[in-house]
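The structure appears right after this line, and notes come after that.
The values are calculated or read from the model by the stated rules, or taken from the named source; none is laboratory data. Since this is a predicted model, take the numbers as computed values, not measurements. Neighbour counts are summed over all protein chains in view; Cβ atoms, including those assigned to glycine, are modelled from backbone coordinates with ideal geometry.
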Amino acid sequence: MKKLLLSLLLSTSLICTQTEKICVIGTGYVGLVTGIGLAHLGHDITCIDIDKKKIEMLNRLEIPIYEPGLKELAQPLMEQKKITFSTERISAMRNADILYIAVGTPMSDTGHADLSALNATLDDIAQATDKKKIICIKSTVPVGTCAQAKKTLIAKGADPLLFEIVSNPEFLREGSSVEDFLKADRIVLGCENQEAALRIKNLYKKLIDNGTKCLITNLESSELIKYASNALLATKIAFINEIAQLCNKTGAHVLDVAEGMGMDKRIGRAFLNPGPGFGGSCFPKDTKALELIMKRYGLQAKLINTIFKSNEQHKQELLKEIDDLLGIKTVAVLGLTFKANTDDVRYSFAIDLINHLKKRGALIKAYDPQGTKNMKEIFSDIEYCTSTKETLKAADLMVIVTEWDEFKHLDVKECAKLMRTRCIMDMRNIFDPQELKRNNFTFYNVGKMR
């Protein structure tokens with residue numbers, strides 16, 4: 001990872017010919033990575049947030065989220081004051097020429113994107129627009145939001161001659177967002193004013209010179225590209241998980257099936273990895289939001305509706321398999337985050353699993369290299385361990401939820417010595433079935449040969 005980061009830093013180290021004064025609104029995964037990335041490209045960045053504790057951490061040169069490579073990228077920029085952090089929202093906005101909106105748009109109870117943070121941000125921007133600005137919306141928002149944002153700003157008193165809105169959706173994967181920013185596949189810009197889009201494009205000049213593709217389109221297309229991309233990736237995950245269920249019934253090997261499919265350039269191998277279903281902050285909410293957007297326009301969204309249902313059905317099938325193994329008292333849960341290399345537990349299968357195990361009276365021991373703190377906010381009444389070894393000691397069932405590297409290197413014989421009962425639920429297909437058999441383990445995996 002360090003070698004990769006170094007090569008990325010060297011390839012993007014030239015300062016952009018035009019330094020812009022930018023205010024990034026929101027310091028979550030997207031806002032923080034975007035702000036630090038733009039500062040690395042040579043721009044003058046101020047990141048603002050309403051969370052005082054988070055800003056205090058950042059001003060102490062502490063990164064409040066776990067993201068590989070982010071601290072190494074950020075530290076010199078923070079020390080040199082190339083990026084600063086503040087809770088003084090209005091003044092920071094007034095001092096900037098470009099505003100990046102990167103606030104959260106989580107799934108509401110109804111399944112729609114919750115735009116309350118965006119609307120609150122527009123209130124501040126209306127007060128701060130006293131000179132010409134470009135307002136760049138990075139948050140994932142439903143189709144039509146950017147156009148509506150313009151109307152909202154005008155209604156709140158902002159002079160329409162003093163601002164332009166550009167849509168610039170993010171395509172960052174948690175766990176590899178630094179690489180995704182510095183070596184992006186594409187930059188998508190939606191606009192009404194071509195000049196404004198070209199100015200935003202120039203922010204990324206070094207990336208584009210290094211091969212990143214850039215598409216300039218209208219606002220609505222840009223907004224939809226993000227939703228459509230995530231829905232298609234979620235479809236691939238749901239599809240391979242259904243194929244994995246068939247493999248379990250027929251004796252086919254799902255990893256070989258995925259490999260064979262991926263050899264076709266039209267399909268590709270990415271996101272054909274069977275597991276406990278998609279989770280995290282994007283795929284569940286974006287898939288559901290897209291379905292509701294289509295219904296709003298009188299469309300049935302049959303396929304998109306099925307993606308979400310398939311994912312939930314797959315999780316239930318896995319929980320049934322656990323019931324078949326549960327003559328068991330103590331369960332070791334390895335992995336709490338929705339994927340490796342992040343501390344994000346949102347919509348993680350571990351939440352469904354722990355709820356299920358609690359209802360069945362199991363004693364739960366859990367361990368995750370980064371996600372424990374966030375999971376404690378959801379479950380305070382289970383045992384959290386500080387190592388794999390501690391978690392497995394005297395356990396009757398091991399459940400692999402997340403594909404952390406340290407779990408991939410577990411020694412089966414050592415696991416057998418630590419556990420009271422040799423039983424494994426391998427949801428990431430980490431273990432070799434033949435080795436498990438040789439060591440007398442009862443086991444279940446997701447579509448892999450027995």
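Filtering the stretch 407-429 to residues that are assigned to a loop (DSSP other than H, G, I, E, B), surrounded by 14 or more Cβ atoms within 10 Å (Cβ to Cβ) and not aliphatic (A, V, I, L, M) leaves Arg420, Thr421, Arg422, Arg428, Asn429.
Mind listing whichever residues of the stretch 169-210 are under 16 Å from Tyr29 (Cβ atoms) and part of a loop (DSSP other than H, G, I, E, B)?
Pro169, Glu170, Phe171, Leu172, Arg173, Glu174, Gly175, Ser176, Ala184
The residues on offer are Arg346, Arg438, and the sole one that is buried (at least 19 other Cβ atoms within 10 Å of the Cβ), basic (Lys, Arg) and over 21 Å from Ile322 (Cα atoms) is Arg346. Taken over the stretch 278-317, residues that are closer than 22 Å to Glu174 by Cβ and assigned to a helix (DSSP H, G or I) amount to 14.
Give the residues of the stretch 239-267 that are part of a loop (DSSP other than H, G, I, E, B), in contact with a helix residue (DSSP H, G or I) (Cβ under 9 Å, 6 or more places away or on another chain) and under 20 Å from Asn429 (Cα atoms), sorted by residue number. Of everything in the stretch 239-267, those that are part of a loop (DSSP other than H, G, I, E, B), in contact with a helix residue (DSSP H, G or I) (Cβ under 9 Å, 6 or more places away or on another chain) and under 20 Å from Asn429 (Cα atoms) turn out to be Ala252, His253.
Gly298 - would you say it is more than 25 Å from the chain's Cα centre (by Cα) and small (Gly, Ala, Ser)?
Judged against the criteria, Gly298 is a match.
Within the option set Ile225, Ile216, Ile208, Ile240, being of a type in the set (Val, Ile, Thr), surrounded by fewer than 17 Cβ atoms within 10 Å (Cβ to Cβ) and either within 18 Å of Phe171 (Cβ to Cβ) or under 23 Å from the mean Cα position of the chain (by Cα) (or both) holds for one residue only, Ile208.
A quick yes/no check of all residues on (1) of a type in the set (Phe, Trp, Tyr); (2) under 26 Å from Cys282 (Cα atoms); (3) surrounded by 21 or more Cβ atoms within 10 Å (Cβ to Cβ):
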| site | (1), (2), (3) |
| --- | --- |
| Thr121 | no, yes, yes |
| Asp130 | no, no, no |
| Ile137 | no, yes, yes |
| Val141 | no, yes, yes |
| Thr145 | no, yes, yes |
| Leu153 | no, no, yes |
| Lys156 | no, no, no |
| Asp159 | no, no, no |
| Ile165 | no, yes, yes |
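Selection of strands (runs of 3 or more DSSP E) fully inside the stretch 47-141 by the criterion of at least 2 residues being hydrophobic (A, V, I, L, M, F, W, C) and touching an Asp or Glu at 6+ places or on another chain (Cβ under 8 Å) returns 133-137.
Determine, yes or no, whether Ala289 is touching a His at 6+ places or on another chain (Cβ under 7 Å), not β-branched (Val, Ile, Thr) and not assigned by TED's automatic domain parsing to the domain that holds Leu172. The answer is yes for Ala289.
Scanning the stretch 330-377 for residues that are of a type in the set (A, V, I, L, M, F, W, C) and in a helix (DSSP H, G or I) turns up Phe349, Ala350, Ile351, Leu353, Ile354, Leu357, Met375. Yes or no: Ala120 under 23 Å from Lys21 (Cα atoms), touching a residue at least 24 places away in the same chain (Cβ under 8 Å) and in the same structural domain as Gly26 (by TED's automatic domain parsing)? Considered against the rule, which asks whether it is under 23 Å from Lys21 (Cα atoms), touching a residue at least 24 places away in the same chain (Cβ under 8 Å) and in the same structural domain as Gly26 (by TED's automatic domain parsing), Ala120 comes out as no. For first residues located in the stretch 400-423 and among the hydroxyl-bearing types (Ser, Thr, Tyr), partners that are in a loop (DSSP other than H, G, I, E, B) and surrounded by 18 or more Cβ atoms within 10 Å (Cβ to Cβ) and lie 6+ apart or on another chain with Cβ distances below 7 Å form the pairs Thr402/Gly335; Thr402/Leu336; Thr402/Thr337; Thr402/Lys339; Thr402/Ala340; Thr402/Asp368; Thr421/Asp396.
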